[in-house]
Amino acid sequence: MPTAVEIQVDIPLLWKSSTKAPAATDSVLLLRVLALIEAAPPHFDEDESVESLRWQALEARIDLCVQMLGQLLARNEPEPPHCTAYLSGEHCRWHQAGAVTVGEQGYLGLRLSTQIPQLLWLPAVVAACQADGDAWQVEVRFQIHDAELQDWLDKTIFRHHRREISERKRHSLDEDDAT
């Protein structure tokens, strides 16, 4: 069962109307790599041993290689437009310039990290599309039939949700200290 937690993200996002999955996509692998990139071993920041410093240097080199590879791969495809999206394990909603047809099937492409050039493609169906000023608010419901993909998507969303809460608490504590 998908997580009901919803996060707000500002990311490149692309809706592609199609019943056929975009070529060469492994969404589970992409989410697993994202989890590895975002997981910083806690002892790196606290431990100043020679071994720890070597691991930090190795991690920095790997990060640099991943970023450089990402830049090379990103040259072949244009960056989707950035927008504010509300993402959960069940759905995503955002604003865009044009309308889409309710009931239309397709794939939602999300770039969840600047370090990973590939889009995360999730199968979805358009659940709603309403005019909102000079834009259209679109909501899609995910049609994920792979339990492993759903699990990794839920973990990713929950991890981002925990970070949002932590940042709000830290910001609140900083404001309290300032007064």
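The values are calculated or read from the model by the stated rules, or taken from the named source; none is laboratory data. All values derive from a computational prediction rather than experimental measurement. All Cβ positions, glycine included, derive from the backbone under ideal geometry; neighbour counts span all protein chains shown. Only protein heavy atoms, including side chains, enter the accessible area calculation; ligands, DNA and RNA are left aside. Shrake-Rupley method; radii C 1.70, N 1.55, O 1.52, S 1.80 Å.
Overview of values
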item	result
Reachable lysines, given that their alpha-carbon falls under 27 Å from the alpha-carbon of Lys169 and they are not under 8 places away in the same chain	Lys155
Spin-label model distance (nm) - Gln105 vs Lys169, 7 Å beyond Cα toward Cβ	4.3
Computed label-point distance, nm, for sites Thr114 and Thr19 using a 7 Å Cα→Cβ extension	4.0
Rounded FRET efficiency, nearest 0.05, which uses the C-beta distance separating Glu77 from Asp177 and R0 of 41 Å	0.35
Spacing of the two label points (7 Å from each Cα toward its C-beta) at Asp132 and Leu53, in nm	5.1
Exposure of Leu69 as accessible area (Å², to 10), given a probe of 1.4 Å and all protein chains	100
Along each principal axis, Cα extent of the chain, largest first, Å	58, 47, 32
Extension reserve of the Phe158-His145 stretch, reckoned as 0.36 nm per residue once the Cα distance is removed	2.7 nm
